[in-house]
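Worksheet: the structure to be examined is printed underneath.
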Amino acid sequence: MTAARRLDRLFCERALLAGGWASGVLLRFDAQGMIAGLEAGLDAPPAGAERAAGPVVPGMPNLHSHAFQRAMVGLTERSGPAEDSFWTWREVMYGFVGRIDPDSLQAVAAMAYAEMLERGYTSVAEFHYLHHDAAGRPYADVAETSKRILAAADAAGIGLTHLPVLYAQGGFGGQPAGEGQRRFLNDPDRLLAIVEACRAAPGGHRTGLALHSLRAVSPDAMAAALNGLSALDPAAPVHIHIAEQTAEVDACLAWSGRRPVEWLLDRGWLGPSWCLVHATHVTPDEVAGIAASGAVAGLCPTTEADLGDGLFPARDFLARGGRFGVGSDSQVIIDAAEELRLLEFGQRLAARRRNLLAPEAGASTGAALYRAAVAGGAQALGLPEPAGGLATGQRADLVVLNPDDPRLYGRNDDMLLDSYVFAGARDAVRDVVAGGRLVVRDGRHVDADAIRKGWRHAVDRLNAA
Ligand SMILES: [Zn+2]
């Protein structure tokens, strides 16, 4: 468990609330790390209340993470003998996966989670498919690696929505899994046993479930897993990788005659507890279908750029009232603001225009993106009271922006968020409170030394393996 100090009250000169920016805000946190009370308009902090060192915004939920991939960063950026793509990246990842054991997984995940906190994320949805040993045999405890993820989240003090992933076949139509995939494989019953073990574990984490992709799970296995989850918790989050690659769209068409998102929409399963990760290659009808379902689009712009996936039609989706959040996915970059920046920049590069994702003329693009991603991310993680600002009943997750950062100096309210999203760098995040604990102070995780030591040890062992 993190040594981070628990706060019971925080006075904010200026804070972004669900209803907008407010002055003189006093937040009260309960012992479970929730916002139990909120008053605005106070002239001065009450005696004894801690004072935020800068403007306060809600922390960003990270809706898509594969923590172990943090240790792969930099290993996939050399061109191969043939054309490189997502699929050649995947081969490198499979080779890397074979070297990870539970100890290194836990140390790498703790490092990734500490970095997330330092860069503005206060909670994370872990899309976890590395279940078994290198030979594909379950550990003595079938939930061993999931429990290592829970322990890493506790060590860093980040909020966790754990999503054990169902991965059951090598490709569409029941193709057998390859050697590189054997650590991932479960049938629905064994996956649900992992889900139940995580639900029973201490620590107050949320548990949902993920279907790896349409290619990795048969329709019957999907239905069995969803029924099993719904019996445990009908509102639990369900995430799926979908339409990330055109080759996947083509294979899905060959298998079913439908595009991936069309196939899912046809099932009638989608709703607000769903998160469609990537959804990059979608038609206007699919865009409309996702938006109407209330599901969240899980966008990971830096990973999608790194992997050469393509560009999600964000303008059309937002114009239809679609909900979205952002994720650090492959961890090539861990930075909440940078995901939003690249989301907007991608649209600008494609359309050769500016400020494309602002909701109306004159509105702040940075503030609109930030607020929408906080609300959509919280929905995707199954957090209470999702909104684009702080409110009573939410987890006490907040970021104190750094008033001494030259890029933020002299900027207020929405303009401050424009500076943070479009120009913010390492210094922009000063302090971070996650679940009511002060986990980052002056830009550095409070347990950074111990977590970095564990990380270096894990990297040395991975390099030697
Ligand atoms: Zn992913």
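The values are calculated or read from the model by the stated rules, or taken from the named source; none is laboratory data. All figures in this text were calculated on a predicted structure; none of them were measured in a lab. Ideal geometry is used to build each Cβ from the backbone, glycine not excepted, and the neighbour counts take in all protein chains shown. Side chains are part of the model used for accessible areas, which takes the heavy atoms of the whole protein and leaves out ligands, DNA and RNA. Shrake-Rupley method; radii C 1.70, N 1.55, O 1.52, S 1.80 Å.
Of everything in the range 307-336 that's closer than 20 Å to Glu91 by Cα and away from the ligand (no atom under 14 Å from the Cβ), which residue is most open to solvent (accessible area, probe 1.4 Å)?
My answer is Gly308.
If I ask for residues that are surrounded by 17 or more Cβ atoms within 10 Å (Cβ to Cβ) and either at pLDDT below 80 or of a type in the set (Phe, Trp, Tyr) (or both), which ones from the range 42-85 would you list?
Within the range 42-85, Phe68, Thr76 meet the criteria.
Considering only residues of the range 155-183 that are open to solvent by 40 Å² or more (accessible area, probe 1.4 Å) and not small (Gly, Ala, Ser), which is nearest to Ile242 (Cα to Cα)?
Going through the qualifying residues, I end up with Gln175.
How about the range 272-283: which of its residues are under 25 Å from Ala235 (Cβ atoms), within 16 Å of the ligand (Cβ to nearest atom) and in a loop (DSSP other than H, G, I, E, B)?
Ala279
Please go through (1) closer than 18 Å to Val374 by Cα; (2) more than 15 Å from the ligand (Cβ to nearest atom); (3) under 19 Å from the mean Cα position of the chain (by Cα) for Ala297 and return the number of the only condition it doesn't satisfy.
Going through (1) closer than 18 Å to Val374 by Cα; (2) more than 15 Å from the ligand (Cβ to nearest atom); (3) under 19 Å from the mean Cα position of the chain (by Cα) one by one, Ala297 breaks only (2).
Give the residues of the range 368-401 that are farther than 23 Å from Asp30 by Cα, hydrophobic (A, V, I, L, M, F, W, C) and open to solvent by 20 Å² or more (accessible area, probe 1.4 Å), sorted by residue number.
The answer is Ala368, Ala372.
Does the range 254-265 include one or more residues that are surrounded by 18 or more Cβ atoms within 10 Å (Cβ to Cβ) and in contact with a Phe, Trp or Tyr (Cβ under 7 Å, 6 or more places away or on another chain)?
Looking through the range 254-265, none of the residues is surrounded by 18 or more Cβ atoms within 10 Å (Cβ to Cβ) and in contact with a Phe, Trp or Tyr (Cβ under 7 Å, 6 or more places away or on another chain).
Residue by residue, here is whether (1) touching a strand residue (DSSP E or B) at 6+ places or on another chain (Cβ under 6 Å); (2) among the basic types (Lys, Arg); (3) more than 20 Å from Phe86 (Cβ to Cβ) holds:
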site	(1), (2), (3)
Pro234	no, no, yes
Ile240	yes, no, no
Gln245	no, no, no
Ala251	no, no, no
Ala254	no, no, no
Arg258	no, yes, yes
Arg267	no, yes, yes
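Listed residues Glu304, Glu286, Glu339; which is away from the ligand (no atom under 15 Å from the Cβ) and part of a helix (DSSP H, G or I)?
On the way: Glu304 fails: away from the ligand (no atom under 15 Å from the Cβ); Glu339 fails: away from the ligand (no atom under 15 Å from the Cβ).
Sole residue among the options that is away from the ligand (no atom under 15 Å from the Cβ) and part of a helix (DSSP H, G or I): Glu286.
Take the residues in the range 87-123 that are small (Gly, Ala, Ser) and open to solvent by 30 Å² or more (accessible area, probe 1.4 Å), then tell me which one is nearest to Pro138 (Cα to Cα). Outline the logic, then answer.
From the range 87-123, those small (Gly, Ala, Ser) are 95, 98, 104, 107, 109-110, 112, 114, 120, 123; that's our starting set.
With open to solvent by 30 Å² or more (accessible area, probe 1.4 Å) added as a condition, the list becomes 95, 98.
On the way: Gly95: 19, Gly98: 14 Å.
Result: Gly98.
Would you mind telling me which numbered condition in (1) part of a helix (DSSP H, G or I); (2) open to solvent by 10 Å² or more (accessible area, probe 1.4 Å); (3) more than 30 Å from Val429 (Cβ to Cβ) Ile194 fails?
All conditions pass for Ile194, except number (2).
From the list Thr302, Thr365, pick out the single residue that is surrounded by 18 or more Cβ atoms within 10 Å (Cβ to Cβ), at pLDDT 95 or above, among the polar types (S, T, N, Q) and closer than 23 Å to Phe68 by Cβ. Working first, answer last.
Working: Thr365 fails: closer than 23 Å to Phe68 by Cβ.
Just one listed residue meets the conditions, Thr302.
Out of Val57, Val92, I need the residue that is part of a helix (DSSP H, G or I) and either farther than 28 Å from Ala193 by Cα or without any contact (Cβ under 8 Å) to a residue 60 or more places away in the chain (or both). Which one? Break it down into steps so the answer makes sense when it comes.
On the way: Val57 fails: part of a helix (DSSP H, G or I).
Val92 is the lone residue from the list that is part of a helix (DSSP H, G or I) and either farther than 28 Å from Ala193 by Cα or without any contact (Cβ under 8 Å) to a residue 60 or more places away in the chain (or both).
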